[in-house]
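Input: a single structure, listed below in structure tokens.
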Amino acid sequence: MQITQTGAVTTCAIDIATEGHDHWFLLQSDNHHDHPTCNRQLELEHLEEARQRHAQVFIFGDLFDGMQGRFDPRRSYNELRPEYRRDDYYDFLVKDFTDFFRPFVNNLAMISDGNHELAVLKAANTNLTDRLVDRLRLAGSHVVHGGYGGWVRFMFHRDGKPFNGIRLKFFHGAGGEAPVTRGAIQTNRQAVYLPDADIVVNGHSHNSYHIPISRERLSGKGRQFFDIQHHIRTPGYKQSYGDGSAGWDVTRGGPPKPIGACWLNLRVVQNSRSDHEQADQIKIIVIPAIQGADVVTIGGDLYQGVEFGEDDRMD
Ligand SMILES: [Fe+2]
């Protein structure tokens, strides 16, 4: 796969002659890898599986938690892993993440910004995503740095020419967590203003869904057909509900959230319909990889730690 970027649009060129017909992708967001409640076991399990499947990995924001900088009002000792209690906190995060991802350099395709990375940029004038991507590229990865939102085009080539493509819109996420609908309403808004997307991926709220929206279409040649726009939200690996006894998520009345990511399989299939305009189609297969969080204890004593307003710290 060859990756190029033009503005907000990242193009992944796939040559089916050399790379085959079956392509796996792991869609992650909200790893919050440095947070004490990150389920690193599941995170690692998914990355190992990606390596075995020769999957390309996309991480759509909040890979870093990064809230423990000296001047960050959100900092809390309960949420700082012991190995990160250092003066070079931000520098060390980048080094530590590089070591963690080094075995997967050939699988990483994109790491994009979330609100946690942008909060660090605002507070400390450094972009952790950009620095990590730089280091991973030095280690041989073709990974690119994505924005808070953007497009990924999977362009399938045969004999050097593109014959079909899949368009994925990603947006880290915004707004409240919608405890009743779990963000499903957002899919209707996005379906309206993103008519060209085959797949729409969000993170941010740590909720999870896969909502297929069927659409009636009419081709340029007057052929009627139905397609599916896949809306995916990935929850990530942070288990901030803990055991339900303490912490920011609990004291504000937040519910427990699932953890995990989403597999995407793009398969080139021979089209037998003679009236079809394109010879081969790309089949989109979406497989959420979700489970319940572990029960984890946040900090030591009950009710300790700082409480923050909604605006201070949105996941
Ligand atoms: Fe997050």
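The numbers here are math on the coordinates, done by the rules we state, and not lab data. A quick note: this is a predicted structure, and the numbers were derived from the prediction, not measured. In this analysis, Cβ positions are derived from the backbone assuming ideal geometry, glycine residues included, and neighbour counts consider all displayed protein chains.
Computed quantities for the displayed model
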| quantity | calculated |
| --- | --- |
| Most mobile listed residue (Ser141, Ser245, Ser112) in the chain, GNM with C-alpha springs under 10 Å | Ser245 |
| Whichever aspartates and glutamates have a C-alpha closer than 18 Å to that of Lys169, once near sequence neighbours (fewer than 8 apart) are set aside | Asp30, Asp62, Asp113, Asp196, Asp198, Asp227 |
| Distant-in-sequence amide H partners of Leu63 (H built 1.01 Å from N, under 5 Å) | Asp30, Asn31, His32, Gly114 |
| The chain - mean residue ellipticity at 222 nm from DSSP helices (-39,500 (n - 2.57) per run, n ≥ 4, rounded to 500) | -6000 deg cm²/dmol |
| Candidates His157, His204, His172: whichever shows maximal mean-square fluctuation once the chain is modelled as a Gaussian network with Cα springs under 10 Å | His157 |
| Rough spin-label spacing in nm, given labels placed 7 Å along Cα→Cβ, for Arg217 and Glu83 | 4.6 |
| Computed over the range 152-284, Kirkwood Rh from alpha-carbon pairs, angstrom | 17.2 |
| Stretchable slack from Gln281 to Met1, in nm (0.36 nm times residue separation minus alpha-carbon distance) | 98.9 nm |
| Angle in degrees between helix 89-101 and the longest Cα principal axis of the chain, rounded to the nearest 10 | 40 |
| Per-peptide average of other Cβ atoms within 10 Å, ordering 27-39, 219-231 highest first | 27-39, 219-231 |
| Computed E for Ala139/His21 - FRET, C-beta separation, R0 25 angstrom, nearest 0.05 | 0.25 |
| Net lengthening on full extension, His210/Asp159 (0.36 nm per residue, minus Cα-Cα) | 14.9 nm |
| Anchor Lys95: lysines whose Cα lies under 25 Å away (excluding residues fewer than 8 positions away in-chain) | Lys122, Lys238 |
| In sequence order, calculated HN-Hα J values of the range 114-124 (Karplus, 6.51, -1.76, 1.60; Hz; x Gly/Pro) | x, 5, 5, 5, 6, 5, 5, 4, 5, 7, 10 |
| Degrees, to the nearest 10: 40-52 long Cα axis against longest axis of the chain | 30 |
| Helix 184-193 axis, angle to the chain major axis (alpha carbon atoms, nearest 10°) | 50 |
